[in-house]
Amino acid sequence: MKKSVVLILALAMILVVSGMVLAEKVEITVATGAVGIEYDLSVEAAQRYMELHPDVVVNVLDTPDLAQDRLGLYLQFFEAKSSEVDVYQIDVIWPGDLAEHFVDLYEYGAERVISQHFPAIVENNTVDGRLVAIPWFTDAGLLYYRSDLLDKYGLEVPQTWDDLTRTAKMIQAGERAAGNPDFWGYVWQGNSYEGLTCNALEWVVSNGGGTIISPDKKVTINNSNAVEIIEMTANWVGSISPDGVIGFGEEDARGMWEAGNSAFMRNWPYAYSLGNSEDSAIAGKFDVAPLPAGNSGRGAATLGGWQLAVSKYSEHPEVAADVALYLASYEEQKIRAIKGSMNPTIQALYSDAEVLQASPFFGSLYDVFINAAARPSTVTSPRYNEVSTKFFTAVHSVLTGQNDAQTALEELELDLEDLTGFEIGRP
Amino acid sequence: MFKKRKTVGMTELGKREQRLAYWLLLPTFLILFTIAFYPLVQVFYTSLTDKTFASNQETNFVGLQNYHHLLGMTIKELPPVIDEDTGEQLLNPDTQKKVYERAIRILPREPVRFRELFQFGFLGRRYVVGAVDREFIRAMGDTISFTIFSVLLETLLGLGIALVVNSHFKGRGVMRATMLVPWAVITVVSARIWEFMLSPTRVGFFNVVLQKLGLGDGQIAFLRLPEWSMPSLVAVDVWKTTPFMALLILAGLQLIPKSLYEAAEVDGASSIRQFFTITLPLLRPSLAVALVFRTLDALRVFDVFQVLLAQSRYSLASYNYYQLIGNRAMGLASAIGVVIFVLIFAFAMLYMKLLGVDTE
Amino acid sequence: MMNKQVFKISKKVVFWCVVAIIFVYMLFPFYWAVNSSLKTESQLQMTPATFIPRNPHTLKVDFTLDNYRSIFTNDKFIHGLLNSTIVSTMTTGLALVVGSFAAFALGKLRFRGKTPSLYLILSMTMFPQVTVLSGLYAVINKLNISALPGMILSYMIFTLPFTVWVLTSFFKSLPRELMQSAQVDGATPFQTFYKILLPLTAPALVTTGLLAFISAWNEYLFSLTFTAIEPASRTVPVAIALFTGTVSRQEPFGEIMAAAVVVTIPLVVLVLIFQRKIIAGLTAGAVKG
């Protein structure tokens, strides 16, 4: 009964709005990434939408690729309650924090399509039962390995962190003896920034140490599994990973990796196509695998990626929502997957023949994505950033040797308890 | 003549002069008030509230709570851990150092929690200093020491360079243009250039050179080792902003009348003596202004910390940015802004007093 | 006799050594940017790093102009150069004109409230940029002006106090007799200002202008925010921040370096041109006693 009233109202509104539309073209501005192909594909998609809807003009606005600069910019818009931007491209960790500025997409017909997407992302984007953003493309941590070197030393792709440590050590020793003093076993992202949260979450989850804060609002980080794995990774620094790894971001790791100076790398899928480019020293000599497992017996990958959300301050939220849903639709995600090798959030695309032909390694990613661990951004909102900063600061203090893991996590537990007001629990 | 007028009181001419002065100041104040007045007042006011940035949450007036949070510190004594068998203080079996209670157990948690800042020994006892907002106190210490070292070095270097360029030699034109290069490079980009040169592997210039000289193994993580990171930052800032100092000092040097030096030459004063009796005293006002603005920028240093250290160590401004954009704690961020404001004001007054610059 | 000669020569040698050291110190990091801008991604990651671009395999000198090609085919960058020139020039011009008025009053005229005025002006610029950003954004929105004038106006926050303070100190250093004698000749204080004092402070004006110009040229945060919805008005630092690789997360380091080189060189040329002015100002200044 209630639903039908809503439906009629919505229909009436659409009629009214489309009536207005006839008089004047509706202008929708979509704030997206500025990245070369990513931006071009968004512009093309907007073009296609405009062909289908001649009464709408879609502008694509490029925003800085640096997530932090982009967030700063968005916040200025929200503070001013600006209606200039209608659709925002948002990071997977933002839906919780920014929920109050976005409309509930379920009110604009997202129900029809939402079941196609990865459930973990949908759950991440759902705040108090409201779908604040539609998944657009996704990301997850992967283990890159040098297949040629594994063959050379007769080693297997590591399944556990212990395997990885051993294998990396052997290859590193071998390559150094063979005359490359700059060779290291394993590179990853150890700088004190959000990327370290992603890396460390993978370690902790794979070792059965929980997700820092559990979905049922318990602070779970201070446990022996977490302490054990963080101690172990701290030992990598200076042994299988360069001392400087505690200052590495994604690009630093990729730089070393592509120069052929590392046997393994933890990175996002973007490094795959770049690693096979002409300019790369390791083109055709590497492959990807899920990250190794710890005590839990299963590897874990941190979920990344971008969503589209519709601003509450938009003058035409229904049109804006339609644009967002169109951009995130099956057909559009397929084009992005084929032309830009961006990972779709729609599960069926991972078995789509055309997609697999364009990027064969997508097939093996499906398992990674379906098991990806989301950062506790929605449950801790609107304080996720602070939670994450405290977490990576604590881990970083262990990596630099300022603190032992036990003390760092004990302090972190107290901090998180203060910050969130949640109780302490077991993972 | 002017002096006389002042003592007697305002003459017609004096009043006219005063009116003219106000008219001349008007455009400056008009522009500054239009754009800066509202943001300034807003910052002062917001620092007394718990406002969340970009949120519809209700904002409450909280008085000085943000300042308490930022500046709250405490000192506690750490009791020794006694071995129950011997009644003596326990010794660490590895290091043979005396064991004290862990700071985390001693520092108060209610009503607010204090985090360990550092420990020190005094008269045979051990103490721990705790802070409510540990990162902020550290950022303040780091920023102030960064400011002192970089401004001092920049002033000395800038003075040296200005003196060299001010002397007549072939190619000083080219030199003057050259010395501006670092200042002209976009700040964020210059931080990136240095970050690349300071890379922790042999991709970086410094590791390559030091290794060739037999220092280090080519794997020095300059920006992550406590003993290297602050000197590295100071080096970057000195490179970037010495030109600013040098140029301002140079302009000051050029305003010193040549006749003074000629007279000193006649009197047989050595060039070192000339420097201390003529150059330095007459340079004081320009030096003070250069110092004020250099310090102002150094205390607000942002890019260098943000790019080179990420979030492993903060400057006041990068901590401010983190609180405002990251945590959206606008009340707290504004209070940080006010603290920076007060620091800058104190430095500015100090310079003017120390260098004896008359503002009237 | 001989000794004196040796002394003179060694003094010269020391002097030129100092000049050389300054020269290298100031230019080397910039040289490294030039070097990096001529490298491909894989050359940038070579170990050990090379002082000139070399082929990773054969180690022969091998540089690429791709980075330059791609920034010059980037409309946004070219547009950014233009916008930056407009904004920085206007900002500097406005700050110098308005600032020199105020500085004349503060440096040479007698009136009540001088010290408070100076500190009040300074206090406008004492907050970190990000702190005042949201308030400033609200003001610019309220004034309802577009991005270019918005930037020029908001850059006054840091350029105007600077020009006022620097110029005040220079006006102050001019001998008072100059003004008095002009007044005896029947000139009004304002005439004294622009006919006599202003030309004398020319070197200071040029220096101040240059420094203000460069700080406006390098500004990023205000520009990013105010031009967010007006991409056509973006300045160079914002355009560089929007440089991206072919895929997300990839950072075109070589292009950023190339842009740094391209952006810096016009400024240096500008200085070389203004040199003449500085020298001209000097000769004019030589008249005074």
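The values are calculated or read from the model by the stated rules, or taken from the named source; none is laboratory data. What you are looking at is a predicted structure, and each value in this text was computed from that prediction instead of being measured. Here the Cβ is made from the backbone with ideal geometry for all residues, glycine too, and neighbour counts use every protein chain on show. Protein only, heavy atoms only, side chains kept; ligands, DNA and RNA dropped before computing areas. Shrake-Rupley method; radii C 1.70, N 1.55, O 1.52, S 1.80 Å.
Amide H to amide H under 5 Å from residue A:262: which residues, 5+ apart in sequence or cross-chain, H placed 1.01 Å off N in plane?
A:184
Work out the P(r) tail for the range C:1-107: percent of alpha carbon pairs separated by more than 23 Å, whole number. All intermediate terms of the calculation are to be shown ahead of the outcome.
Numbers: 3672 of 5671 pairs.
Counting every Cα pair in the range C:1-107, those more than 23 Å apart make up 65 percent.
Leaving ligands, DNA and RNA out of it, work out the accessible area of residue B:258 with a 1.4 Å probe and give it in Å² to the nearest 10.
110
Keeping all protein chains in place and using 1.4 angstrom, which order do B:195, C:219, B:84 fall into by accessible surface area, from largest down?
On the way: B:195 50, C:219 10, B:84 175 Å².
Of B:195, C:219, B:84, the descending order of accessible area is B:84, B:195, C:219.
Using Cα positions and a limit of under 30 Å, work out the lysines in reach of residue C:8, with same-chain residues fewer than 8 apart set aside.
B:170, B:258
For chain A, which longest stretch is free of loop sites, where a loop site is one of the GluC sites (Glu not before Pro) that DSSP puts outside H, G, I, E and B and that has at most 11 other Cβ atoms within 10 Å? Working shown, then result.
On the way: sites that count: A:24, A:156, A:278.
Value returned for the longest uninterrupted segment is A:279-427.
Over the protein assembly as shown, what portion of Cα pair distances is larger than 58 Å, expressed as a whole percent? Intermediate results must be reported in sequence, preceding the final value.
Details: 97219 of 578350 pairs.
Counting pairs separated by more than 58 Å, the tail of P(r) holds 17 percent.
Per the Kirkwood definition applied to all pairs of different Cα atoms, how many angstroms is the hydrodynamic radius of the range A:113-208? Walk me through the intermediate numbers first.
On the way: mean 1/r = 0.0601 Å⁻¹.
Averaging 1/r across every pair of different Cα atoms and inverting gives 16.6 Å.
What figure in square angstrom, to the nearest 10, would you give for the accessible area of residue C:229 with a 1.4 Å probe?
Using a 1.4 Å probe on the heavy atoms, I get roughly 60 Å².
Once both axes come from the Cα atoms, what is the angle between helix A:67-79 and the longest principal axis of chain A, in degrees from 0 to 90, rounded to 10?
30
Per residue Cα convex hull volume for the range A:305-427, in cubic angstrom? All intermediate terms of the calculation are to be shown ahead of the outcome.
Details: hull volume 21.2 nm³, N = 123.
Measuring per residue, one finds 173 Å³ for the Cα hull of the range A:305-427.
Using θ = phi - 60° and the Karplus form 6.51 cos²θ - 1.76 cosθ + 1.60, what ³J(HN,Hα) does each residue of the range B:274-281 get, whole Hz, x for Gly and Pro?
4, 4, 7, 9, 10, 4, 4, x
Report, in degrees rounded to the nearest 10, the 0 to 90 angle that the Cα long axis of helix B:12-32 makes with the longest principal axis of chain B.
Tilt relative to chain B: about 40 degrees.
Give a residue-ordered list of calculated ³J(HN,Hα) values for the range A:51-64 (Karplus: 6.51 cos²θ - 1.76 cosθ + 1.60, θ = phi - 60°; whole Hz; x for Gly, Pro).
The phi angles translate into 5, 6, 10, x, 8, 10, 10, 10, 9, 9, 10, 8, 10, x Hz.
Note down the magnitude of the dipole of the protein assembly as shown about its Cα centre, charges +1 on Lys and Arg C-beta and -1 on Asp and Glu C-beta and zero elsewhere, to the nearest 20 debye.
Dipole about the Cα centre, nearest 20: 5960 debye.
Using alpha carbon coordinates only, what is the Rg to Rh ratio of chain C, with Rh defined as the Kirkwood radius? Mind showing how you got there, number by number?
On the way: Rg = 24.3 Å, Rh = 22.6 Å.
Radius of gyration relative to Kirkwood radius: 1.07.
Within the set A:81/C:76; B:240/C:39; C:12/C:60; A:312/C:142; C:11/C:108; B:240/C:60, which residue pairs have Cα atoms separated by over 31 Å? Working shown, then result.
Values: A:81/C:76 28 Å; B:240/C:39 24 Å; C:12/C:60 39 Å; A:312/C:142 21 Å; C:11/C:108 42 Å; B:240/C:60 33 Å.
As for pairs spanning more than 31 Å Cα to Cα, those are C:12/C:60; C:11/C:108; B:240/C:60.
If amide hydrogens are placed 1.01 Å from N in the peptide plane, which non-local residues have theirs closer than 5 Å to the one on residue A:29?
It is A:59, A:86, A:87, by chain and number.
What does the convex hull of the alpha-carbon atoms of the range B:73-132 project to on average, in nm²? Please list the in-between numbers first.
On the way: hull surface 18.8 nm².
Answer in nm², one decimal: 4.7.
Using Cα positions and a limit of under 26 Å, work out the lysines in reach of residue A:390, with same-chain residues fewer than 8 apart set aside.
Within the straight-line cut-off, residue A:390 pairs with A:217, A:218, B:51, B:76.
For chain A, build the convex hull from the C-alpha positions and give me its volume per residue in Å³. Can you show the working numbers first?
Values: hull volume 61.3 nm³, N = 427.
Given the Cα convex hull of chain A, per-residue volume reads 144 Å³.
Could you give the size of the charge dipole of the range B:20-86 about its Cα centre, using +1 on the Cβ of each K and R and -1 on the Cβ of each D and E, expressed in debye and rounded to the nearest 20? It would help to have the intermediate numbers written out before the result.
On the way: 2 positive and 6 negative charges, 156 e Å.
Charge dipole of the range B:20-86: 740 debye, to the nearest 20.
Mind ranking A:146, C:69, B:102 by accessible surface for me, highest first, 1.4 Å probe? Each step should come with its number before you reach the end.
Working: A:146 20, C:69 140, B:102 85 Å².
Solvent-accessible surface, decreasing: C:69, B:102, A:146.
Return the calculated 222 nm mean residue ellipticity for the protein assembly as shown, to the nearest 500 deg cm²/dmol, obtained by summing -39500 (n - 2.57) across DSSP H runs with n ≥ 4 and dividing by the residue count. Let's see the in-between values first.
On the way: 47 runs with 616 residues, N = 1076.
One gets -18000 deg cm²/dmol as the mean residue ellipticity at 222 nm.
What is the helix-to-structure angle for A:2-23, meaning the angle in degrees between its Cα long axis and the longest Cα principal axis of chain A, kept from 0 to 90 and rounded to the nearest 10?
So the inclination is approximately 80 degrees.
When Cβ neighbours within 10 Å are restricted to other protein chains, what is their mean count per residue of peptide B:319-330? Can you show the working numbers first?
Details: counts 1, 5, 8, 5, 3, 7, 11, 11, 8, 10, 2, 4.
Average per residue, whole number: 6.
Work out which helices of chain C, taken as complete DSSP H runs, extend at least 30 Å along their axis over the Cα atoms and score a mean Kyte-Doolittle of -1.0 or more, then list them.
Span-like helices in chain C: C:2-37, C:75-108, C:147-173, C:253-285.
Provide, in order from the shortest bin, the percent of all Cα-Cα pairs of the range B:135-354 in each 10 Å bin, continuing until the bin that contains the maximum pair distance.
Result, from short to long distances: 8, 27, 30, 21, 11, 3, 0 percent.
For residue B:118, which sequence-distant residues (separation of 5 or more, or a different chain) have an amide H within less than 5 Å of its own amide H, given hydrogens modelled in the peptide plane?
B:129
What does the convex hull of the Cα atoms of the range A:19-177 come to per residue, in Å³, rounded to a whole number?
On the way: hull volume 30.5 nm³, N = 159.
Looking at the range A:19-177, the number lands at 192 Å³ per residue.
Using the Karplus curve 6.51 cos²θ - 1.76 cosθ + 1.60 with θ = phi - 60°, work out ³J(HN,Hα) for each residue of the range A:364-369 in order, rounded to whole Hz, and write x for Gly and Pro.
Those phi angles translate into 6, 7, 3, 4, 4, 5 Hz.
Once you charge only the Cβ atoms, +1 for Lys and Arg and -1 for Asp and Glu, what is the size of the charge dipole of the range A:274-427 about its Cα centre, to the nearest 20 debye?
On the way: 10 positive and 20 negative charges, 68 e Å.
That gives the range A:274-427 a dipole magnitude of about 320 debye.
Mind jotting down the three principal axis lengths of the range C:47-117 based on Cα atoms? Whole angstrom, largest first.
Over the range C:47-117, Cα extents along the principal axes are 74, 31, 16 Å.
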